[in-house]
Amino acid sequence: MTTFVDRVELHVAAGNGGHGCASVHREKFKPLGGPDGGNGGRGGDVILVVDQSVTTLLDYHHSPHRKATNGKPGEGGNRSGKDGQDLVLPVPDGTVVLDKHGTVLADLVGEGTTYVAAEGGRGGLGNAALASARRKAPGFALLGEPGRAGDVVLELKTVADVALVGYPSAGKSSLISVLSAAKPKIADYPFTTLVPNLGVVTAGSTVYTIADVPGLIPGASQGRGLGLEFLRHVERCSVLVHVLDTATLESDRDPLTDLDVIEEELKQYGGLGDRPRVVVLNKIDIPDGLDLAEMIRPDLEQRGYRVFEASAVARTGLKELSFALAEVVAKARADRPKEEATRIVIRPKAVDDAGFTVTLEDDGIYRVRGEKPERWVRQTDFNNDEAVGYLADRLNRLGVEDALMKAGARAGDGVAIGAEDDAVVFDWEPTMMAGAEMLGRRGEDHRLEAPRPAAQRRRDRDAERDEAQQEYDEFEPF
């Protein structure tokens, strides 16, 4: 059964915002109580948080769909809806968040580091918040905004100071078991280690972490064997330790060739050329292994490597190796640039930035894109004429109608607000004036419908009565 997972695709969905409430205060002897609809609650966010106690992405491998709770709708009596609860997902230290195209969205390193993977939707305003001097009793409320949803890829890159690399069965797991308290699986067959193992080493006053990477073979950087799957775990390491098997039983292998092959794979993977290297000639407890180690050591030192002879079985050469690695790690930590406090960057919008764009597409549709127009459309109840009229007023004040006219749009042309897969399309009828003073009964807007027959009959009767009164006033008796 899989117990270690270092790459998953996570489907996240934030909570939807609660709808606003359209309500009028009703109380005995208070016929003009006014609007008292409350606002909807905010939808919950989906937040990734680094937790040192988590070492694998296994939970998200089994349950890849995660959703935060929705906000509650507002109620009458100026009662706002409850906010949705944020969904906090713990991830291991060193998790990289990417989108489906491979673009890095966040690099989560350090306890408590957070990233909002999906933002909850805003709650809709109630009619109490929408009331104004010209619209004293709105008969509508705004809808809650849907929460963001999408897919993110989580990749785990082990946070360790030292990485042990080498061929399968070179003795990496044996070394890490005697240098630290780690208890990896050890056997004499290739690919015994199927997951990276971590251990903590104390050498004097320096404490560092050491990791062994599952066996690399020729072609690992192109996906052969287990190499490509776990090469990412050496990216954060400060020191690379080549563990060379001096007692291999394979006739077509020798330590120098193994070193060249692994170095070529690291070069093909890229980004590791500046890491200091240390070579460990392992298994010198075997006579042939000791002889071979003494034979090739001058060649390795001539190449510029620091060489150590060690045996995990006989536990020889381990103290010198651990202190030498501590020295290199301490130097790497000292050379690391100091972390500076995050600078707050303020990027004001340009004076002529309207916050939206209008483009004419090939099919003759004028498409409006922008954060505000698209959000306003999502929050509009198109079953309520007054709410649609309020949307038209907001778009007019934002300058959308002016932009449409400048783009060449005429009455009756098709206009789409939003992306292609989630757009509201309508035939444009320019208003070019605020519409609050044109409102009739609550929940209606005369700009969106033909005159009502009853209202037309009342106007006709009023006109006939005025005409009769005028004739009576002009009548002169004999």
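The values are calculated or read from the model by the stated rules, or taken from the named source; none is laboratory data. Predicted model only: the values in this text are computed from it and were never measured. Don't worry about glycine lacking a Cβ; one is built from the backbone with ideal geometry, like all the others, and counts go over all protein chains shown. Quick note on the areas: whole protein, heavy atoms, side chains included, nothing else; ligands and nucleic acids left out. Shrake-Rupley method; radii C 1.70, N 1.55, O 1.52, S 1.80 Å.
Provide a single number: the residues in the range 351-369 that are buried (at least 19 other Cβ atoms within 10 Å of the Cβ) and within 23 Å of Leu130 (Cβ to Cβ).
Here is the first cut: in the range 351-369, the ones buried (at least 19 other Cβ atoms within 10 Å of the Cβ) are 358, 366-368.
Checking which are within 23 Å of Leu130 (Cβ to Cβ) leaves us with 368.
Number satisfying all stated conditions: 1.
State all residues of the range 110-150 that are touching a Phe, Trp or Tyr at 6+ places or on another chain (Cβ under 9 Å) and outside any loop (DSSP other than H, G, I, E, B); if no residue qualifies, say none.
Applying the first criterion (touching a Phe, Trp or Tyr at 6+ places or on another chain (Cβ under 9 Å)) to the range 110-150 yields 127, 130, 135, 138, 140, 142.
Listed by number, the residues that qualify are Asn127, Leu130.
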- [ ] Tally the residues that are within 46 Å of the chain's Cα centre (by Cα), open to solvent by 60 Å² or more (accessible area, probe 1.4 Å) and modelled with pLDDT of 80 or more, restricting the search to the range 269-294.
- [x] 1
Open item on the list: Consider the range 26-38. How many of its residues are out of contact with any helix residue (DSSP H, G or I) (no Cβ under 7 Å at 6 or more places or on another chain) and either open to solvent by 60 Å² or more (accessible area, probe 1.4 Å) or not in a loop (DSSP other than H, G, I, E, B) (or both)?
Closed with: 7
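Can you tell me which residue among Val91, Val46 is buried (at least 22 other Cβ atoms within 10 Å of the Cβ), within 20 Å of the chain's Cα centre (by Cα) and within 23 Å of Arg232 (Cβ to Cβ)? Working first, answer last.
Numbers: Val46 fails: within 23 Å of Arg232 (Cβ to Cβ).
Within the list Val91, Val46, the selection yields Val91.
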TODO: Would you point out the residue of the range 409-425, among those that are among the aliphatic types (A, V, I, L, M) and surrounded by 11 or more Cβ atoms within 10 Å (Cβ to Cβ), that is nearest to the chain's Cα centre (by Cα)?
DONE: Ala423
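Identify, from the list Asp93, Asp83, Asp107, the residue that is part of a loop (DSSP other than H, G, I, E, B) and under 30 Å from Glu265 (Cα atoms).
Working: Asp83 fails: under 30 Å from Glu265 (Cα atoms); Asp107 fails: part of a loop (DSSP other than H, G, I, E, B).
So the residue among Asp93, Asp83, Asp107 that is part of a loop (DSSP other than H, G, I, E, B) and under 30 Å from Glu265 (Cα atoms) is Asp93.
Can you tell me which of Lys72, Lys100, Lys136, Lys82 is within 18 Å of the chain's Cα centre (by Cα), open to solvent by 60 Å² or more (accessible area, probe 1.4 Å) and basic (Lys, Arg)? Walk me through how you get there before you give the answer.
Numbers: Lys72 fails: within 18 Å of the chain's Cα centre (by Cα); Lys136 fails: within 18 Å of the chain's Cα centre (by Cα); Lys82 fails: within 18 Å of the chain's Cα centre (by Cα).
When all the criteria are applied, what remains is Lys100.
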